[in-house]
Amino acid sequence: MVNTATTSTQSPLASERITWWQAIAAGVIVSVVANLVVYFVGTVAGASFLLIDNGSPQQIGPVDVVISAAAPLAIGTALAVLVARWWQPVLRVAQAVAAVLALLTIAGPAMAETDTATIVSLGLMHVLAGTAAVAVLEVIRRSRHSRTRP
């Protein structure tokens, strides 16, 4: 007897494509949670999250972390998706820009007048946000790429 069942090389979830907004929402949630974990671990480790900016103290709290983790990721990736409707390679360009900006913006906390634990925590938050942006854009890029293939 011959087995006529076909085997598929696709994963079970391959037929269920993730949409761009689902990828962005998931990325924002993961980024916010990861950055809040860093914030609370940093606090336990002695980070003050107090920055001196032109002589005035700036206290960073959990709400600041949520906004800083969510807003740039959501806005930047949504803009990249919008432009990708006309120019698909922008998704790769946006990944590079996100990675570079995440690393360059570490300079702000690194040069701030604050304790080392705060500098390390904030630097790690920047890396996490950049990583989330690159990952979200990669999910979107692959999802779009796989839809165009037969």
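The values are calculated or read from the model by the stated rules, or taken from the named source; none is laboratory data. Because the structure is a prediction, the values reported are computed rather than measured. Ideal geometry is used to build each Cβ from the backbone, glycine not excepted, and the neighbour counts take in all protein chains shown.
For segment 101-109, does any single residue satisfy the condition of being of a type in the set (Val, Ile, Thr), in a helix (DSSP H, G or I) and either over 14 Å from the mean Cα position of the chain (by Cα) or closer than 21 Å to residue 37 by Cβ (or both)? No: segment 101-109 contains no residue that is of a type in the set (Val, Ile, Thr), in a helix (DSSP H, G or I) and either over 14 Å from the mean Cα position of the chain (by Cα) or closer than 21 Å to residue 37 by Cβ (or both).
Restricting attention to segment 94-102, does a residue exist that is within 17 Å of residue 139 (Cβ to Cβ) and exposed (fewer than 13 other Cβ atoms within 10 Å of the Cβ)? Yes - at least one qualifying residue is present in segment 94-102. If I ask for residues that are assigned to a helix (DSSP H, G or I) and closer than 9 Å to residue 51 by Cβ, which ones from segment 110-129 would you list? 118, 122, listed by residue number. The set of residues in segment 52-69 being at pLDDT below 95 and assigned to a strand (DSSP E or B) consists of 52, 53, 56, 57, 58.
Among the conditions (1) exposed (fewer than 13 other Cβ atoms within 10 Å of the Cβ); (2) modelled with pLDDT under 95; (3) within 18 Å of the chain's Cα centre (by Cα), the only one that residue 143 does not satisfy is (1).
Annotation: of all residues in segment 13-40 being modelled with pLDDT of 95 or more and of a type in the set (Gly, Ala, Ser), the one that is surrounded by the fewest Cβ atoms within 10 Å (Cβ to Cβ) is 25.
Please enumerate the residues belonging to segment 47-62 that are loosely packed, with under 11 Cβ neighbours inside 10 Å and closer than 18 Å to residue 126 by Cβ.
53, 61 - these are the residues of segment 47-62 that are loosely packed, with under 11 Cβ neighbours inside 10 Å and closer than 18 Å to residue 126 by Cβ.
Here 109, 72 are screened, and the one residue that is crowded, with 18+ Cβ neighbours inside 10 Å, modelled with pLDDT under 95 and either under 21 Å from residue 22 (Cα atoms) or not β-branched (Val, Ile, Thr) (or both) is 109.
If you check 131, 43 for being of a type in the set (S, T, N, Q), within 15 Å of the chain's Cα centre (by Cα) and modelled with pLDDT of 95 or more, only one passes: 131. In this entry, residue 98 passes the filter for residues that are under 16 Å from residue 129 (Cβ atoms), assigned to a helix (DSSP H, G or I) and in contact with a Gly (Cβ under 7 Å, 6 or more places away or on another chain).
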